[in-house]
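**Student:** Would you mind keeping the following structure in view while I ask a few things?
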C-alpha cells in the first residue's frame, strides 16, 4: 500500500514537471520558431536590426522623438533696405496685436519699441504660460496673475541692401497680494524673440525661416535665488551650456 502511494506521488510530480517545462518551451506554429518563456534566458537577438539602442538590440526608448527646434540667429541678417524692414516691423507688431510706443521708439535710428502686451491672465494658468517666456524660480510660491512682454526691435544697416535685425523682449509677471499688485521683471527664455523674428522673416520673404542652426529645446534649466536684499535679487540660472548670475533691482509697486 505504501509503495502504491509513493508511486502515485511520483506520477503527480512527473506530470507537474512536464506541464511546467511545456509552458517554458514550445513551437510557435505561426512563425515556426522555438519560443522560450522560461527563466533561463540569454541576451536578445534582433537579427540585422541593430541601428538603435545601446547594445545593438534594436530597442529605442524614445530617442530622436523630440523634434529639434530651429533657433534663429539674433541678430538676424536680412537682405532688405532699412525703410522696408521698418515697415515690416510695424506690420508684424500690428498683426501680433502690439501697439507701437511712439515715446520710446526712434524710427530715425532704426529702433521700434512696443507697449507692454499682456499675453496671459488668471492665477490658474499664468504661471505655466509665463514660465515659457521668462525664468521663474522653481520654488517660487507667489500668486502669479498676469504676464506681459515688451518687444524692442533694432535695425542696423550693414550696407545698401543688407541689415541686421535684433529683437529683445522684456518679460514681466504680476503678483497680487494683500499689499497690492507688483510687476516683476524676469529673465527672458528667448521664446518671445524667436516668435517675433520668425513672423518678421516670413513677412519679408514670404516663407518660414530655413537653414538656421538646429538645436534641441533647451527647456532643462535650474534657477535659484541666492540672495534677496532690500534693493536687489541675485539669481543663478544653470543650463547645459551656461551659468548665468543676475543681480536684478527690486521691482516697484503699481
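**Student:** Here are some conditions: (1) surrounded by fewer than 17 Cβ atoms within 10 Å (Cβ to Cβ); (2) at pLDDT 80 or above; (3) more than 26 Å from residue 94 (Cα to Cα); (4) within 22 Å of the chain's Cα centre (by Cα). Residue 143 meets all but one. Which one does it not meet?
**Tutor:** So residue 143 meets the others, but not (4).
**Student:** In this structure, does residue 184 turn out to be buried (at least 16 other Cβ atoms within 10 Å of the Cβ) and more than 30 Å from residue 108 (Cβ to Cβ)?
**Tutor:** yes
**Student:** Taking the residues in the stretch 196-210 that are touching a residue at least 12 places away in the same chain (Cβ under 8 Å) and within 17 Å of residue 93 (Cα to Cα) as candidates, determine which candidate is surrounded by the fewest Cβ atoms within 10 Å (Cβ to Cβ).
**Tutor:** 203
**Student:** I'd like the full set of residues that are touching a residue at least 60 places away in the same chain (Cβ under 8 Å) and either buried (at least 19 other Cβ atoms within 10 Å of the Cβ) or within 17 Å of the chain's Cα centre (by Cα) (or both), limited to the stretch 152-171.
**Tutor:** 153, 155, 163, 165, 167, listed by residue number.
The values are calculated or read from the model by the stated rules, or taken from the named source; none is laboratory data. These figures come from a predicted structure and were not determined experimentally. In this analysis, Cβ positions are derived from the backbone assuming ideal geometry, glycine residues included, and neighbour counts consider all displayed protein chains.
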